[in-house]
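Engineer: Below you'll find the structure I mean.
The values are calculated or read from the model by the stated rules, or taken from the named source; none is laboratory data. As the structure is a prediction and not an experimental result, all values here were calculated from the model. Every residue, glycine as well, gets a Cβ built from its backbone with ideal geometry; the counts of neighbours run over all protein chains shown.
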Amino acid sequence: MKLEKYSFGIGDRFGRQGKAQLTAIIKAKQQGIKITPVWNKSNREHTIIGTTPQDTRKEADDAVSAAAFEDSYFVDADHIGLYNVDAFIESSDFFTLDVADFMGQPAQESEIQAFIEKHKKLIGSLIIPGIDATFEISAQQVRDIAAKCLLAIKEAGKIYRHIESAKGTGNFITEVSMDETDQPQTPVEMLFILAAIADEGIPAGTIAPKFTGRFNKGVDYVGDVDKFANEFEADVALVAFAANEFDLPRDLKLSVHSGSDKFSIYGPIADTLKKFDAGLHLKTAGTTWLEELIGLAMAGGDGLALAKEVYAVAISRIDELCGPYETVIDIDIAALPTPHVVDKWDSETFASALRHDQSCQNYDLNLRQLLHVAYKIAAEMGPRYFDALDKYADIIAQNVTENIYERHIKPLFT
Ligand SMILES: [Zn+2]
């Protein structure tokens, strides 16, 4: 059960590109970079597409055996809670415990008191190696953080123990995620959250905070990159400190739920990992499905026609498709090309509008975001879509592998 220093949550909406994704991981290995692949899929995705966690397990197992890949790999039950974890227990060995909904719900006064008492030695001046500023921590601050976060971490404890009782200790990786909250966690909040995670006896392998800025689905970071860089560095320093200070795994690392393709922060992330010799789990979402569409468009003929059809239907059902992703997309609807315009596009025009190459003047951020959330349309096409994936498997696989290796792995880990 080894999660390497670097691990990559690759996701795959339709579960057809496992081999092409794994090829990118193998390519990295040939360059001397070991990355643990983790196939992640949330309950929301399964529900929209009509797949089950067993499908993700099968995809991962098949890809790994076809490539004779001998290193560790995982299947991540992404963003689960007590209410839906059971469907994931058998097929998953990585669990992302999502306790965002419990953040801000007050814990019991007696528990808050006990928490402050237990961690009172952190009150006062605190120096964390790697962070220039000295933290001045007051009892009131610890009380406020405990009031806000303790119940959520206790909930994480309940989920963890539920999984542990079914799968056995040490048989899975645990991530605690708080990324889907309104406000980023401050470093001091992170410190006490990690203390609470240790108190609950959760052997967290990864922790996913909410970072500053917007992490819209499938497109680049929107926000102050310098501010992000400072925050990320502080979080890395803090995680290393906490892993030493509290009863937590020594190789605890940050997990960045990127929503995919946050290219402008990859530079600062890579610099910080090197500076601190730190590990990282990077979770992408569904850009592999966009590479499928790019591959279909590049294939021309009925492949291109199918990609155009997905777009036309997506435009007609835009509110329905965007609804579940409201808080993580920013589409300028008026700027979207009409299906009539798109219908005239050739392969290259369609592919370059969708491909995430910001240096290309054809690149269309609005179209990309809409198609990113439009996978339901392809799911509804069923065999028609899957047959096209089979027919154009080679060109699609090339795009999937190149996207992961060139645009993600290289800038982050090399
Ligand atoms: Zn997330």
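Engineer: What tally of residues in region 1-42 results from selecting those that are small (Gly, Ala, Ser) and without any contact (Cβ under 8 Å) to a residue 24 or more places away in the chain?
Structural biologist: Of region 1-42, the ones small (Gly, Ala, Ser) are 7, 9, 11, 15, 18, 20, 24, 28, 32, 42.
Checking which are without any contact (Cβ under 8 Å) to a residue 24 or more places away in the chain leaves us with 32.
Here the count works out to 1.
The rows are residues; the columns are (1) over 19 Å from Phe14 (Cα atoms); (2) hydroxyl-bearing (Ser, Thr, Tyr); (3) in the same structural domain as Asp226 (by TED's automatic domain parsing); (4) within 16 Å of the ligand (Cβ to nearest atom).
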{"position": "Lys275", "(1), (2), (3), (4)": "yes, no, yes, no"}
{"position": "Leu282", "(1), (2), (3), (4)": "yes, no, yes, yes"}
{"position": "Leu293", "(1), (2), (3), (4)": "no, no, no, no"}
{"position": "Met298", "(1), (2), (3), (4)": "yes, no, no, no"}
{"position": "Val310", "(1), (2), (3), (4)": "no, no, no, no"}
{"position": "Val313", "(1), (2), (3), (4)": "no, no, no, no"}
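Engineer: Out of curiosity, is Cys322 in contact (Cβ under 8 Å) with a residue 40 or more places away in the chain, more than 18 Å from the chain's Cα centre (by Cα) and not assigned by TED's automatic domain parsing to the domain that holds Glu233? Spell out the reasoning first.
Structural biologist: Values: in contact (Cβ under 8 Å) with a residue 40 or more places away in the chain: yes; more than 18 Å from the chain's Cα centre (by Cα): yes; not assigned by TED's automatic domain parsing to the domain that holds Glu233: yes.
Spelling it out, Cys322 is indeed in contact (Cβ under 8 Å) with a residue 40 or more places away in the chain, more than 18 Å from the chain's Cα centre (by Cα) and not assigned by TED's automatic domain parsing to the domain that holds Glu233.
Engineer: I'd like the residue in region 33-91 that is within 21 Å of Met1 (Cα to Cα) and of a type in the set (Ser, Thr, Tyr) and, out of all such residues, is farthest from the ligand (Cβ to nearest atom).
Structural biologist: Filtering region 33-91 for residues that are within 21 Å of Met1 (Cα to Cα) and of a type in the set (Ser, Thr, Tyr), the one farthest from the ligand (Cβ to nearest atom) comes out as Ser65.
Engineer: Could you grab me the full set of residues in region 322-372 that are hydrophobic (A, V, I, L, M, F, W, C), part of a loop (DSSP other than H, G, I, E, B) and closer than 30 Å to Asp182 by Cα?
Structural biologist: Applying the first criterion (hydrophobic (A, V, I, L, M, F, W, C)) to region 322-372 yields 322, 328-329, 331, 333-336, 341-342, 345, 350-351, 353-354, 360, 365, 367, 370-371.
Adding the requirement that they be part of a loop (DSSP other than H, G, I, E, B) leaves 329, 331, 336, 345, 360.
Result: Ile329, Ile331, Leu336.
Engineer: With the condition kept exactly as written, say whether any residue in region 282-305 is part of a strand (DSSP E or B) and either touching a residue at least 12 places away in the same chain (Cβ under 8 Å) or out of contact with any Cys (no Cβ under 8 Å at 6 or more places or on another chain) (or both).
Structural biologist: First, pick out the residues of region 282-305 that are part of a strand (DSSP E or B): 282-283.
Still in the running and either touching a residue at least 12 places away in the same chain (Cβ under 8 Å) or out of contact with any Cys (no Cβ under 8 Å at 6 or more places or on another chain) (or both): 282-283.
For region 282-305, residues part of a strand (DSSP E or B) and either touching a residue at least 12 places away in the same chain (Cβ under 8 Å) or out of contact with any Cys (no Cβ under 8 Å at 6 or more places or on another chain) (or both): present.
Engineer: Return the pair list, or none, for Cβ contacts closer than 7 Å from residues in region 245-258 that are over 16 Å from Arg214 (Cα atoms) to residues that are assigned to a loop (DSSP other than H, G, I, E, B) and modelled with pLDDT of 95 or more, at least 6 apart or on different chains.
Structural biologist: Within 7 Å, the pairs are Pro249/Pro203; Asp251/Gly279; Lys253/Ala278; Lys253/Gly279.
Engineer: Here is a further query. Going through region 106-137 one residue at a time, which ones are among the polar types (S, T, N, Q) and assigned to a loop (DSSP other than H, G, I, E, B)? First the steps, then the outcome.
Structural biologist: The initial filter retains those residues of region 106-137 that are among the polar types (S, T, N, Q), namely 108, 110, 113, 125, 134.
Result: Gln108, Thr134.
Engineer: Continuing with this model, one more query. Of these, Lys19, Lys29, which one is basic (Lys, Arg), more than 23 Å from Leu290 (Cβ to Cβ), over 19 Å from the mean Cα position of the chain (by Cα) and in a helix (DSSP H, G or I)?
Structural biologist: When all the criteria are applied, what remains is Lys29.
Engineer: Quick one: which helices (runs of 4 or more DSSP H) sit completely within region 138-253 and have at least 1 residues that are within 16 Å of the ligand (Cβ to nearest atom), in the same structural domain as Leu354 (by TED's automatic domain parsing) and over 22 Å from Ala107 (Cα atoms)?
Structural biologist: Details: elements: 139-167, 187-199, 225-245.
Where helices (runs of 4 or more DSSP H) fall fully within region 138-253, none carries at least 1 residues being within 16 Å of the ligand (Cβ to nearest atom), in the same structural domain as Leu354 (by TED's automatic domain parsing) and over 22 Å from Ala107 (Cα atoms).
Engineer: Name the residue, out of Tyr363, Tyr375, Tyr392, that is among the aromatic types (Phe, Trp, Tyr) and free of Cβ contacts under 8 Å to residues at least 60 places away in the same chain. Show your work before the answer.
Structural biologist: Values: Tyr375 fails: free of Cβ contacts under 8 Å to residues at least 60 places away in the same chain; Tyr392 fails: free of Cβ contacts under 8 Å to residues at least 60 places away in the same chain.
Of the residues listed, the single one that is among the aromatic types (Phe, Trp, Tyr) and free of Cβ contacts under 8 Å to residues at least 60 places away in the same chain is Tyr363.
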